[in-house]
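All remarks here apply to the structure that follows.
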Amino acid sequence: MPKVNLTHFEASLLFALLTSIVLGIVSKKTDRERLMYGLYCFGCFIAAMFALSWLMYLGHG
Amino acid sequence: MSSSSETEVSISKWLPAVLLAWFIPGSGHFLLKKHARGGLLGLAVVAMFLFGIMMQGATFQKAYFDMAEMNPRPDLLTRVITIGGFAANIATGILYTMTAWFGYDQADVAGHVHDYGTKFLVGAGLLNILAMVDAFEIARRQKD
């Protein structure tokens, strides 16, 4: 099995993408709602990622 | 909560779909003729698991069985993480079974890539649990 060496950002992005796909599929009733909810979850993941990153950066001094 | 349509669906209708969804991610939806959703769910769970393996994430099998022999018992947080991690590993079905069968036994080591790998392996199991619940609800006709 090949090894991959992802950065924090790449790994977080990948996690957000795959999790958003599943959350979108299992949560809503129509395909359009699923797509929109998946995109919404992905956006929330990205927003949380940047917010927490800045928080840690500023908190670290 | 229990409408007449729900109570009419017997266990023989939903149990095969849920068991199949556990053992082969996404296949429960295929059994229920939800091919596109099954394919996407399977793809997401398998991709997350494979990335976890490629990042050399740790599995919780050894830690779980080691914990049972520890004296004194480890603290509550360690127990919750170990038991939860092992349960999430098992929830990936054939993926984890084959991984253990092929002798993959990555210890928990320092480093952000390994750490993400461990989270990806656990995450794959948790996503598959969501897929199993979805298959259950479709089979029980609680959703389309």
Original post:
From the residues in region A:25-41 that are more than 9 Å from chain B (Cβ to nearest Cβ) and surrounded by 19 or more Cβ atoms within 10 Å (Cβ to Cβ), which one is farthest from residue A:53 (Cα to Cα)?
Top reply: A:38
**OP:** Search region B:113-125 for residues being more than 9 Å from chain A (Cβ to nearest Cβ) and modelled with pLDDT of 95 or more, and hand back the single one that is nearest to residue B:27 (Cα to Cα).
**Re:** B:125
Original post:
Which of (1) more than 10 Å from chain A (Cβ to nearest Cβ); (2) within 30 Å of residue B:12 (Cα to Cα) does residue B:45 not meet, given it meets every other one?
Top reply: (1)
Original post:
Which residues, taken from region B:17-64, are out of contact with any His (no Cβ under 7 Å at 6 or more places or on another chain) and among the charged types (D, E, K, R)?
Top reply: B:33, B:34, B:62
Original post:
What is the residue count in region B:51-68 for residues that are more than 8 Å from chain A (Cβ to nearest Cβ) and of a type outside the set (D, E, K, R)?
Top reply: 11
Subject >> Checking residue A:16 against (1) surrounded by 14 or more Cβ atoms within 10 Å (Cβ to Cβ); (2) facing another protein chain (nearest Cβ under 7 Å); (3) not basic (Lys, Arg), the condition it does not meet >> reply: (2)
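The values are calculated or read from the model by the stated rules, or taken from the named source; none is laboratory data. As the structure is a computational prediction, the values presented were derived from the model and not from experiment. Backbone-built Cβ (ideal geometry, glycine too); neighbour counts: all protein chains shown.
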